[in-house]
1. For a Förster distance of 22 Å, can you work out the FRET efficiency between the beta-carbons of Trp19 and Arg109, rounded to the nearest 0.05?
2. Between Met1 and Leu183, take the C-beta separation as r, use R0 = 22 Å, and let me know the FRET efficiency to the nearest 0.05.
3. Between His49 and Arg121, what FRET efficiency comes out of the Förster formula 1/(1 + (r/R0)^6) with R0 = 22 Å and r the beta carbon distance, rounded to 0.05?
4. Using θ = phi - 60° and the Karplus form 6.51 cos²θ - 1.76 cosθ + 1.60, what ³J(HN,Hα) does each residue of the range 191-198 get, whole Hz, x for Gly and Pro?
5. Can you give me the distance in nm between label points at Leu140 and Arg83, each placed 7 Å from the Cα along the Cα-to-Cβ direction?
6. Once you put a point 7 Å from the Cα of Met33 and another 7 Å from the Cα of Asp95, both along the Cβ direction, what distance in nm separates them?
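FYI, it's all coordinate maths here, none of it is from the lab. Computed from a prediction, not measured in an experiment: that's the story for all the values here. Positions of Cβ are generated from backbone atoms using ideal geometry, with glycine treated the same way; all protein chains shown enter the neighbour counts.
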Amino acid sequence: MLWLALALALAAMLAFVPWTLALTFHRDGAARMTARVSWGGLRLTDTGHASSGQAGTDGGDHGEGTSEPTRRRRRTRSAARPRARRVLALVRSDDFVGSLTRLVRRLLRHLRPRDTTLSIRFGLGDPASTGRLFGALSPLIAVLAVLDGNRVVLVPDFTRQRFQLEGQTRVRLVPGVVVLLLLGYVFSVPPWRALVRFARA
C-alpha cells in the first residue's frame, strides 16, 4: 500500500513538470524551421526542416462520382432527423455552449505562445515607398506589442527589394493543469444536463 501511495505521489509530481516546445523560423528566399522539445530542463528532441518554397503539382486523376439513388437519399434524410434533434437539444441545453467556450478559452490561455519575437526586414526597391510602408506599419506593430506582450521588430531596407522573416516562440504545456481543467469540466453540471437532454431527444 505504501508503494502504491508513493507511485501515485510520484506520478502526480511528474504530471506538473512542464513540457516546452520552442520553434525558430527563418525565411530569406528559402524557409527553415527548427523545433526543440524539452521536459523540465531536459532537452528531448531538436529537429530542423528546410523548404525551398516551391510548390509541387499533383497530377492525380479525379474521377467523377456516381450519384446515389433517390430511395437511399430519402432513407439517409429520415435517419438524420433524429440526430439533428439530439444535436439541437444538446446545443440548447442551459449553459452548455457557454461552459464549453470557457473550457476552450482556459485551455488556449494555458497553451498560448510565450516569449514570441518576430523580426521583419523588408525593402520595396524604392526608398520612398519603403519609408511610407514602414511609417504606416510602425503604429500598428506598437499597438500589437502593447496588447499581446510579444515583440515585433520592423527593419526597413532602403537599398534593395527584399523580404526576410525571423521569429521564435515557445509553447509550454503542464499535463496536470490540462487534466485538472478537463476534470473540472466533466464533473460540472452543464455537460451532464446536456447529456440527459441529448438522450431524451
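1. It comes out at approximately 0.85.
2. It comes out at approximately 0.35.
3. Efficiency, from the Cβ-Cβ distance: 0.50.
4. In residue order, the calculated couplings are x, 6, 4, 5, 5, 5, 5, 5 Hz.
5. 4.2 nm
6. 4.0 nm
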